[in-house]
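K.L.:
Can you keep this structure in mind? I'll have questions shortly.
The values are calculated or read from the model by the stated rules, or taken from the named source; none is laboratory data. Computed from a predicted structure; not experimentally measured. Glycine gets a Cβ as well: all are built from the backbone with ideal geometry, and neighbour counts include every protein chain shown.
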Amino acid sequence: MLAPNLNLAQLPRTQQATVASIEWERMSPTEARRLREFGLDEGVDIELLHRAMLAGGPLACRIGRMTVALRAHVAGAIRVAPLAG
Amino acid sequence: MNPAPLVALVGNPNAGKTALFNALTGARQKVGNYPGVTVERHSGRLALDDGRPVELVDLPGTYSLDPSSPDEAVTRDVVLGRQAGERVPDAMIVVADATNLDNHLRFVLQLKSLGRPMVLALNMIDMAARDGLKIDLAVLSAELDLPVVATVAVRKRGLDELRAALAAALSGGARSAPIDEVDADIRHFQREARRIARTAVVEQPRSRAVTRGVDRIALHPVAGPILLLAILFVMFQAVFSWSEAPIGWIEGAQGWLADTTVATLPDNFLRDLLVEGVINGVGSVVVFLPQILILFVFILLLEASGYMVRAAFLMDRLMSGVGLSGRAFIPLLSSFACAIPGIMATRSIDDPKERLTTILIAPLMTCSARLPVYAVIIGAFIPARQVLPGVGLQGLVLLVLYLTGILGAVIAAFVLRRTATKGVGGGFLMEMPRYQLPSIRDIAIGLWQRAYVFLRRAGTIILQVTVALWLLTSYPVAPAGVKQSEYSIAGRIASGLEVVLRPIGFNHEMSLAVIPAMAAREVAVSALQTVYAIDAADEEQGAQELGGRLAGRWSLATALAFLAWFVFAPQCLSTIAVARRETNGWKWPLVMIGYLFALAYIAAGATYWTAVAFGLG
């Protein structure tokens with residue numbers, strides 16, 4: 001059983017999860033608005049797809065049916081709950 | 001007289017909006033500009049089934065009516081009917097990606113709240129079917145209370161139904177008044193969109209099998225960067241090797257035209273002007289059209305296929321090291337074709353400081369206008385040897401020139417972000433569209449627009465500068481025993497400049513060529529062509545090609561210094577003009593010109609003296 005309180009950057013690759021909560025205040029207003037436009041919201045299903053080669057690089061994740069590239073500090077502000085199975 | 005109704009084409013980025021625009025309007029397109037902003041206005045005509053004409057305007061893609069860039073602001077203002085220079089639209093076609101309903105429906109709902117007549121084009125319905133996604137169009141239409149048409153823009157499917165639905169929407173009595181209020185709270189639209197998507201989607205398996213599969217390689221930590229490098233390498237090799245045959249055809253045509261003119265007209269001033277100034281001057285630039293088009297084919301393919309954003313993803317870590325983001329990679333790659341669309345593409349960068357930095361370094365990306373200069377010098381001085389199977393020495397030198405420009409840009413960005421454009425990074429947040437097979441038609445339209453711009457330049461700026469230069473180098477006529485290129489007006493100006501350029505290995509003719517090259521870089525080639533042709537008229541009869549002439553007169557050190565100069569040399573006038581427009585003033589263009597001149601001078605000098613030290617002088 002995975003810890004129930006992970007952030008997106010800590011989620012194992014391709015592990016299905018849902019968004020538990022979002023710390024909007026840890027992002028810039030532009031980032032927060034863009035993510036809302038990408039459909040990020042509590043309860044949406046989410047999945048980490050790819051990490052970049054070098055440490056500190058961006059992450060690719062699936063938000064709903066959209067694939068989005070974001071940086072690690074943004075991923076760190078998204079708390080996720082892994083789905084069983 | 002009633003003008004044709006105006007219909008705005010709106011949608012999220014990556015919904016296939018431009019493909020739908022191309023499919024609906026075909027070649028009947030006009031590219032203009034909105035007044036006061038450098039946002040391109042793409043419009044076209046289409047005829048409804050009853051023959052009524054409609055003007056369709058393709059608006060920049062946006063996720064909501066809360067703009068974060070000048071492009072998105074234009075979309076909002078046109079849709080609301082308050083954009084200067086644009087009529088209030090009578091109806092809208094909203095394009096949504098069928099495979100990403102819950103997200104695209106949010107924008108549809110926000111647009112619908114404006115109350116204008118509208119039709120929803122549910123695009124890429126074939127992709128949805130391939131994913132196993134089943135959408136009930138009747139339910140969707142009823143839930144949205146909008147006409148919904150399924151389309152596949154790249155295959156031109158659903159267009160008749162779309163035109164019919166548009167005709168119906170337009171005859172419903174247009175309410176084309178400006179709108180003041182926008183419901184900007186996208187969260188309730190988002191929740192409603194998700195509810196409707198859940199109702200209308202009958203079956204939804206795990207998404208995007210093909211895209212996920214390709215991404216497993218394209219975004220792989222090791223394989224991904226290797227693939228990107230390989231693509232870039234093939235691109236630059238192709239620019240040289242695929243263009244050989246078409247360049248030969250153009251040279252053949254140019255030679256035939258010159259010979260025919262010489263044979264037809266009597267030997268006088270007009271014939272000289274026509275042959276040396278117009279035919280050979282413009283010809284020496286047009287001959288590089290094949291290379292420029294090959295470069296653009298690659299860039300258009302990378303953009304249309306969806307790979308470009310993956311490249312941005314792979315580059316983000318490196319770019320963040322110098323204070324930029326992966327987003328800057330896209331304008332910078334476009335700048336390899338031309339800095340002008342590159343600088344305009346920086347509008348998609350949200351952060352103002354990051355955007356400014358990208359504008360300032362964009363001219364360091366080797367644009368296609370530099371190719372003519374590189375090609376002539378490389379062709380004349382670098383032997384066409386194979387270093388490895390399939391890898392020629394000439395192509396390798398070209399690659400080094402490109403890499404030098406990139407390295408210069410990296411250093412410039414690093415310094416700028418710590419001095420002139422200091423500030424916190426803007427982050428990196430991008431949608432990665434699904435992969436698509438680009439439609440040949442869309443690539444062809446994009447390519448035609450680029451070719452047209454290039455030929456128009458060749459026909460106007462380059463022609464004028466070439467002819468002016470020919471006149472300045474031809475008069476006054478030198479007495480016997482004195483070189484025409486030194487006695488003429490241009491020659492005297494160049495002699496003044498030569499004092500400054502001599503220390504970095506430039507000779508008199510090169511000093512002469514760099515002046516008009518500021519109007520347009522490729523003119524350096526026709527300038528050298530003109531200068532040597534004018535001197536040649538006295539000594540060696542007959543038209544020898546430029547490369548041969550140069551090889552006999554320049555040392556290798558001089559040639560390399562000239563190449564180094566052009567890696568950094570200040571950009572053409574049009575680039576400066578665009579930079580001024582995009583930065584709203586002269587301050588930043590002047591910074592750009594200043595630092596590029598300094599870099600060019602230092603680089604050319606260092607190259608020259610290093611080469612001389614190795615005995616190549």
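K.L.:
Say we look at segment B:195-244 and pick out the residues that are away from chain A (no Cβ under 14 Å) and within 15 Å of B:ASP102 (Cβ to Cβ); which of these is surrounded by the fewest Cβ atoms within 10 Å (Cβ to Cβ)? Show your work before the answer.
P.N.:
The first filter runs over segment B:195-244 and keeps only residues away from chain A (no Cβ under 14 Å), leaving B:199, B:202, B:230-244.
Then keep just the ones that are within 15 Å of B:ASP102 (Cβ to Cβ); that gives B:199, B:202.
Numbers: B:THR199: 13, B:VAL202: 10.
Per the stated criteria, the residue is B:VAL202.
K.L.:
Filter segment B:450-482 down to the residues that are of a type in the set (Gly, Ala, Ser) and not in a helix (DSSP H, G or I) and list them by number. Don't jump to the end; show me each part of the working.
P.N.:
Taking segment B:450-482 and keeping what is of a type in the set (Gly, Ala, Ser), we get B:451, B:458-459, B:468, B:474, B:478, B:480-481.
Once the filter is applied, which keeps residues that are of a type in the set (Gly, Ala, Ser) and not in a helix (DSSP H, G or I), segment B:450-482 yields B:ALA478, B:ALA480, B:GLY481.
Residue-wise test of (1) buried (at least 16 other Cβ atoms within 10 Å of the Cβ); (2) modelled with pLDDT under 80; (3) under 21 Å from the mean Cα position of the chain (by Cα).
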| site | (1), (2), (3) |
| --- | --- |
| B:THR421 | yes, no, no |
| B:GLY425 | yes, yes, no |
| B:ILE440 | no, no, yes |
| B:ARG456 | no, yes, yes |
| B:THR460 | no, yes, yes |
| B:ALA478 | yes, yes, no |
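K.L.:
Still on this structure: Run down A:GLY56, A:GLY39, A:GLY76 and say which single residue is at pLDDT 85 or above and on the phi > 0 side of the Ramachandran plot. Please lay out each step first, then the result.
P.N.:
Details: A:GLY56 fails: at pLDDT 85 or above; A:GLY76 fails: on the phi > 0 side of the Ramachandran plot.
One residue alone meets the criteria, A:GLY39.
K.L.:
Looking only at segment B:302-313, which residues are over 17 Å from B:GLY342 (Cβ atoms) and either surrounded by fewer than 23 Cβ atoms within 10 Å (Cβ to Cβ) or within 7 Å of chain A (Cβ to nearest Cβ) (or both)? Spell out how you get there, then give the answer.
P.N.:
Initial filter on segment B:302-313 (over 17 Å from B:GLY342 (Cβ atoms)): B:304-307, B:310, B:313.
Once the filter is applied, which keeps residues that are over 17 Å from B:GLY342 (Cβ atoms) and either surrounded by fewer than 23 Cβ atoms within 10 Å (Cβ to Cβ) or within 7 Å of chain A (Cβ to nearest Cβ) (or both), segment B:302-313 yields B:ALA304, B:SER305, B:GLY306, B:TYR307, B:PHE313.
K.L.:
State yes or no: is B:ASP267 outside any helix (DSSP H, G or I), of a type outside the set (Ser, Thr, Tyr) and within 20 Å of B:THR530 (Cβ to Cβ)?
P.N.:
Numbers: outside any helix (DSSP H, G or I): yes; of a type outside the set (Ser, Thr, Tyr): yes; within 20 Å of B:THR530 (Cβ to Cβ): yes.
Criteria met by B:ASP267.
K.L.:
Criterion first (assigned to a helix (DSSP H, G or I), surrounded by 13 or more Cβ atoms within 10 Å (Cβ to Cβ) and either at positive phi or in contact with an Asp or Glu (Cβ under 6 Å, 6 or more places away or on another chain) (or both)) does B:SER485 satisfy it?
P.N.:
Numbers: assigned to a helix (DSSP H, G or I): yes; surrounded by 13 or more Cβ atoms within 10 Å (Cβ to Cβ): yes; either at positive phi or in contact with an Asp or Glu (Cβ under 6 Å, 6 or more places away or on another chain) (or both): yes.
Judged against the criteria, B:SER485 is a match.
K.L.:
Consider B:ASP66 carefully, then state whether it is touching a residue at least 60 places away in the same chain (Cβ under 8 Å), touching a Gly at 6+ places or on another chain (Cβ under 6 Å) and either closer than 14 Å to A:GLU37 by Cα or among the hydroxyl-bearing types (Ser, Thr, Tyr) (or both). Please lay out each step first, then the result.
P.N.:
Numbers: touching a residue at least 60 places away in the same chain (Cβ under 8 Å): yes; touching a Gly at 6+ places or on another chain (Cβ under 6 Å): no; either closer than 14 Å to A:GLU37 by Cα or among the hydroxyl-bearing types (Ser, Thr, Tyr) (or both): yes.
Taking the combined requirement at face value, the residue does not satisfy it.
K.L.:
Continuing with the same structure: Do you know which residues across segment B:71-110 are in contact with a Gly (Cβ under 9 Å, 6 or more places away or on another chain) and either within 22 Å of B:GLY132 (Cβ to Cβ) or within 14 Å of chain A (Cβ to nearest Cβ) (or both)?
P.N.:
The initial filter retains those residues of segment B:71-110 that are in contact with a Gly (Cβ under 9 Å, 6 or more places away or on another chain), namely B:71-72, B:75, B:84-85, B:87-89, B:91, B:93-97, B:100, B:102-104, B:106-108.
Selection gives B:GLU72, B:THR75, B:ALA96, B:ASP97, B:ASN100, B:ASP102, B:ASN103, B:HIS104, B:ARG106, B:PHE107, B:VAL108.
K.L.:
Any idea which residue in segment B:179-191 is surrounded by the most Cβ atoms within 10 Å (Cβ to Cβ), counting only those that are away from chain A (no Cβ under 12 Å) and charged (D, E, K, R)?
P.N.:
Taking segment B:179-191 as the starting set, the residues that turn out to be away from chain A (no Cβ under 12 Å) are B:179-183.
If we keep only those that are charged (D, E, K, R) too, we end up with B:180-181, B:183.
Numbers: B:ASP180: 8, B:GLU181: 8, B:ASP183: 12.
Result: B:ASP183.
K.L.:
Hey, another quick one. Is there a residue in segment B:477-486 that is more than 16 Å from B:GLY277 (Cα to Cα) and touching a residue at least 12 places away in the same chain (Cβ under 8 Å)?
P.N.:
Looking through segment B:477-486, at least one residue is more than 16 Å from B:GLY277 (Cα to Cα) and touching a residue at least 12 places away in the same chain (Cβ under 8 Å).
K.L.:
Name the residue, out of B:VAL39, B:VAL78, that is closer than 23 Å to B:GLY446 by Cα, β-branched (Val, Ile, Thr) and within 26 Å of the chain's Cα centre (by Cα). Walk me through it before giving the result.
P.N.:
Numbers: B:VAL78 fails: closer than 23 Å to B:GLY446 by Cα.
That would be B:VAL39, the only listed residue that is closer than 23 Å to B:GLY446 by Cα, β-branched (Val, Ile, Thr) and within 26 Å of the chain's Cα centre (by Cα).
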